[in-house]
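A.B. asks: The structure is given below, and queries will be raised subsequently.
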Amino acid sequence: MSRLDEIRDWWKPDVISPEKVKKFLEMYPIYRNDVNCPAFKSQKEIREIQNKNLQAQLELCQQYSPYYSKLFKEKNIDISKIKTVDDLEKLPLTTKMDYMKAPDSFKLRLAGVPGRQIFELIDWNITMTTGTTYGFPTIFWNTTHDEYALLQFLIRSSKISWGTPDDRIFDCFPFGPVPHIGYLRAITAPLAIGASVCAGHTGMAYPTFPVLRRMDEAIAIAENHKCTIIMGIASYIRRMIMRAEELEADFSNIRAIHALGEPCPMGMREDMRKRLKNLGAGDVFIHNGWGFTECQGSLSECTELGGNHNPDPGLYFLEVVDPETGERKADGEEGVAAITHLNRRGTVLLRYVLGDIVRMTHETCPYCGRNTERILPVSGSVYATRTKELVKFKGTLINPGVLKDAIENVGGIAEYQIVFTKTDPKDPYSMDQLVLKVAPVPDVNRKDLENKIRDAVAKAAEMSAKIEWVEKPSDIYDPMVSLKATRVVDARPPLE
Ligand SMILES: [Zn+2]
């Protein structure tokens, strides 16, 4: 029996245990030799590592970060008083607007500083935020030091989500105009653990150099290389799987999907798992990591909905805060996620607000036994909700994540879109109306499906929905045109 066969079902919630995880880590030298990994150390030991790294990072910011040295001076902040991560509350939050105004001012100025190593001085690469939140992408600099840290982070996140050097990983992230972490890290992560990797290279075409491929070619590549793991954007991978079904492709080697870049609720996971079974696969682990540019990778699940673990607490301190006051929320309470870098040299951010609403726990993970903090599902089976996605509907602030979760649990839906509109679209003062555009899977009983969707939406959000049928899934989401499916549209005219 191969090692991959042996561990195939270990991710399952009713199979995984701290003992199995320890055994898994012993099987591979890349994990066995990572003796400094803090994941299984006590909370106290993890805090000590974070506190020590925080002090060193604050020293660097004080001296060499244009943004923070100015901020500390202006606000009279004495960093010698910030000895622990709990003292961080004395620092103001850094917002996306602060960062976007002058991204360069967050980069440490270490050139010419005596005693610094070459690793700390060289810009190894940049990545950019995808820019969907505020318009234009923002640069994030990595020095060589940061790239080594990233390799460690990716090794540690891979071991949480059961990646192995035996895997053949398919990078399904589209290639596009912006160097974002998805495409790049789905290459770096397999290389970091010694797995093999190939890529689809689909994406936004640049006619000057027609080098990208169509989805069908990407499917052929994944099939040809007998890939075991697909990494990509959740809705895009699902469409690729649906197309693979039409092509009757052989995906029997697939054992895990890393659905990243957006929430992948349980209904969507079950849907993908069922389709993959049609393509010859077994019970595939659909892993929904929570990633963002500012950690250059993603937090990882050890089992589905077991929580998204911080793979490397020595690099990043995460907290859940009140975005107005900066006060820290208690475990289990909803708030906005903020990250503090603890060991970086390029772009360094302290208490940087990520714009996702999350919940967190520091309890030992009952599944894998790790002691690092975990992000918990915040609504249904969805980990994080973008704050900008909160929608005022019929006078109440609602979270479309709840709706998405309910709809995706119904089954029988190929694509869908939630549209907030008006009963009379020409009249901005007419009543709010919820329209669900639904492209059903072939041969489904539409009356039944409509009843099920209306029922699920009513139960989840106490809302009534009007269903509009859409014949072609690509009329809702065309993977050749955009990176992600747009699940929520607010089509109401702005009120003057
Ligand atoms: Zn766990």
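The values are calculated or read from the model by the stated rules, or taken from the named source; none is laboratory data. Keep in mind that this is a model prediction, so the values were computed, not measured. Neighbour counts run over all protein chains shown; Cβ positions are idealised from the backbone, glycine included. Only protein heavy atoms, including side chains, enter the accessible area calculation; ligands, DNA and RNA are left aside. Shrake-Rupley method; radii C 1.70, N 1.55, O 1.52, S 1.80 Å.
A.B. asks: How many residues are assigned to a loop (DSSP other than H, G, I, E, B) and surrounded by fewer than 20 Cβ atoms within 10 Å (Cβ to Cβ) when one looks only at region 352-370?
C.D. replies: Counting residues in region 352-370 that are assigned to a loop (DSSP other than H, G, I, E, B) and surrounded by fewer than 20 Cβ atoms within 10 Å (Cβ to Cβ) gives 5.
A.B. asks: For region 317-336, what are the residues that are open to solvent by less than 20 Å² (accessible area, probe 1.4 Å) and farther than 30 Å from Ile122 by Cβ?
C.D. replies: Across region 317-336, the qualifying residues are Glu319, Val320, Val321, Gly326, Gly335, Val336.
A.B. asks: Tally time: how many residues in region 283-293 are at pLDDT below 95 and not in a strand (DSSP E or B)?
C.D. replies: Final tally of qualifying residues: 1.
A.B. asks: Give region 449-462 a look and list any residue that's open to solvent by 50 Å² or more (accessible area, probe 1.4 Å), more than 28 Å from the chain's Cα centre (by Cα) and touching a residue at least 24 places away in the same chain (Cβ under 8 Å), or say none. Before you say what the answer is, go through the steps one by one.
C.D. replies: Restricting attention to region 449-462, the residues satisfying the condition of being open to solvent by 50 Å² or more (accessible area, probe 1.4 Å) are 451-452, 454-455, 459, 462.
Those still in the list that are more than 28 Å from the chain's Cα centre (by Cα) too: 451-452, 454-455, 462.
Within region 449-462, just Lys452 meets the criteria.
A.B. asks: Let me ask another. Tally up the residues in region 295-331 that are within 16 Å of the ligand (Cβ to nearest atom), assigned to a strand (DSSP E or B) and over 20 Å from the mean Cα position of the chain (by Cα), please.
C.D. replies: Summing the residues that are within 16 Å of the ligand (Cβ to nearest atom), assigned to a strand (DSSP E or B) and over 20 Å from the mean Cα position of the chain (by Cα) in region 295-331 gives 0.
A.B. asks: Looking only at region 107-116, decide whether some residue is surrounded by fewer than 18 Cβ atoms within 10 Å (Cβ to Cβ) and among the β-branched types (Val, Ile, Thr).
C.D. replies: yes
A.B. asks: Out of Leu350, Leu354, report the one residue that is modelled with pLDDT of 95 or more, away from the ligand (no atom under 16 Å from the Cβ) and either in the same structural domain as Gly314 (by TED's automatic domain parsing) or farther than 18 Å from Val488 by Cα (or both).
C.D. replies: Just a single option satisfies the conditions, and that option is Leu350.
A.B. asks: Moving on. Considering Lys41, Lys12, which residue is within 16 Å of the ligand (Cβ to nearest atom), under 21 Å from Ile229 (Cα atoms) and not hydrophobic (A, V, I, L, M, F, W, C)?
C.D. replies: Residue meeting the stated conditions: Lys12.
A.B. asks: Please count how many residues of region 340-351 are closer than 15 Å to Lys96 by Cβ and in a loop (DSSP other than H, G, I, E, B).
C.D. replies: 3
Residue-by-condition table, conditions (1) touching a strand residue (DSSP E or B) at 6+ places or on another chain (Cβ under 8 Å); (2) more than 28 Å from Val353 (Cβ to Cβ); (3) modelled with pLDDT of 85 or more; (4) not basic (Lys, Arg):
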site: Ile407; (1), (2), (3), (4): yes, yes, yes, yes
site: Lys437; (1), (2), (3), (4): yes, yes, yes, no
site: Val441; (1), (2), (3), (4): yes, yes, yes, yes
site: Glu462; (1), (2), (3), (4): no, yes, no, yes
site: Lys466; (1), (2), (3), (4): yes, yes, yes, no
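A.B. asks: Considering only residues of region 23-38 that are in a helix (DSSP H, G or I) and without any contact (Cβ under 8 Å) to a residue 24 or more places away in the chain, which is farthest from the ligand (Cβ to nearest atom)? Give the derivation first.
C.D. replies: First pass over region 23-38, keeping only residues in a helix (DSSP H, G or I): 23-27, 29-32, 38.
Narrowing further to those that are without any contact (Cβ under 8 Å) to a residue 24 or more places away in the chain: 23, 26, 29, 32.
Working: Lys23: 15, Glu26: 17, Pro29: 22, Arg32: 19 Å.
Per the stated criteria, the residue is Pro29.
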